[in-house]
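What follows draws every value from the coordinates through simple rules; no lab data is involved. For clarity, every value in this text was computed on a predicted model and none was experimentally measured. Don't worry about glycine lacking a Cβ; one is built from the backbone with ideal geometry, like all the others, and counts go over all protein chains shown.
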Amino acid sequence: MAAPDIAPPNPLFKSLDLDLVHRAKEGDVASFSELVSRHERKIFRLTQHITGNREDAEDALQEAFLKAYTKLDQFQEGSQFYTWLVRIAVNESLMKLRKRRNTPFTISLDEPLESDDGLIPREIGQWEDNPESKFAQQELREILDQQLKSMPEAFRTVLVLRDLEQISTEETARLLEISVPAVKSRLLRARLHLREKLNKYFERGKSA
Amino acid sequence: MSTCKKLLTELSSYLDNELDSDLRVEIETHMRRCPDCHIIIDSTRKTVQIYRGCDAYEVPTSLHERIEQAVKMHIEKSTGKC
């Protein structure tokens, strides 16, 4: 069976990014504004999913772009601007999470999560053939937002980086300062957790 | 370790095509005989597809303007303009 498809990055998109970065580095603020417009929607999704909180997500988005602007000189033009921006946005989002560390129902990103707890599926039912077509995009987003909020932060963050941003396991480990086996373990738990939560929406014959 | 438990442990690596061929064959052989494991793999694959297909978020105009304002203020501050 084939793994889910991953769309390759569009080379024209990357090339335009680099052109804009180059001009922004020379002081053209309009070019930087264009970079904001091109990426803000995806970066906002990332900050929203990691923080699980609208206010923090908005602040993290703003701070990520501001930091990107102030550190633009450090960007190596041989790399991908979007990936560099993702790294900054992840760090800003994690800082927001750390500030909220004392709030209930959070799990430390450093806490070992390698036990078998939560691995055993409870909901086992055949899903619809094309589950995503059952809901409109807006409805689906609301369902995902809701279910992601109930997921421990340590799982959620790995899921965002690996499955949404499709960042490699190794790079995810570097970003979160955890080991590669820990990334794999958390990704497995995150996927199973989300599967369990989505089951009631997509199990064949159920109307949620 | 039972094959069901092994399948669960290797589920992510299986979906990401990261398993060596022997283990992959072992899991696929088991999956054909075990309906529950077949359902778990199928629904987890669909979970990943649904999540990957999640749309980017609309950024409110006020937030977009806030970002531009923050950059503008940074420039004014760093160039000494009021």
What FRET efficiency do you get for A:Glu123 and A:Ser150 if R0 is 22 Å and r is their Cβ-Cβ distance, rounded to the nearest 0.05?
-> 0.95
How long is the gain from A:Glu171 to A:Asp28 if the chain were fully straight, where each residue apart is worth 0.36 nm and the alpha carbon distance is subtracted?
-> 48.4 nm
For A:Thr169, A:Thr70, what's the fewest-to-most ordering of other Cβ within 10 Å of each Cβ?
-> A:Thr70, A:Thr169
Where GluC sites (Glu not before Pro) fall in DSSP loop in the range A:12-53, at most 13 other Cβ within 10 Å | A:Glu26
Using just the helices of chain B, give the 222 nm mean residue ellipticity in deg cm²/dmol: DSSP H runs with n ≥ 4 each add -39,500 (n - 2.57), and the total is spread over all residues, rounded to 500.
-> -25500 deg cm²/dmol
Percentage of Cα-Cα pair distances in the protein assembly as shown greater than 25 Å, rounded to whole percent?
-> 52
Its Cα gyration tensor gives the range B:3-79 an equivalent ellipsoid whose semi-axes in whole Å, largest first, are 49, 15, 8
Trypsin sites (Lys or Arg not before Pro) within the range A:36-75: DSSP coil, no more than 13 neighbouring Cβ in 10 Å | A:Lys71
May I ask you to order B:20-29, A:55-64 by the average number of other C-beta atoms within 10 Å around their residues, highest value first?
-> A:55-64, B:20-29
Cα-based Rg and Dmax for the range A:11-99, in Å, come out at 12.8, 39
On the formula 1/(1 + (r/R0)^6), with r taken between the Cβ atoms of B:Asp22 and A:Gln80 and R0 of 35 Å, the FRET efficiency rounded to 0.05 is 0.45
Sequence of A:Leu176, A:Leu161, A:Leu119 once ranked by neighbouring C-beta atoms within 10 Å, starting from the fewest = A:Leu119, A:Leu176, A:Leu161
Here the net charge surrounding A:Thr169, from other residues whose Cβ is less than 9 Å away from its Cβ (Lys, Arg +1; Asp, Glu -1), is -2
Which peptide among A:153-159, A:128-134 comes first, and what is the full order, when sorted by highest mean count of other Cβ atoms within 10 Å?
-> A:153-159, A:128-134
Label-point separation (nm) for A:Lys71 and A:Ser15, each offset 7 Å from Cα along Cα-to-Cβ?
-> 2.9
For the range A:157-208, what is Rg from Cα atoms divided by 2.2 N^0.38 Å, rounded to two decimals?
-> 1.37
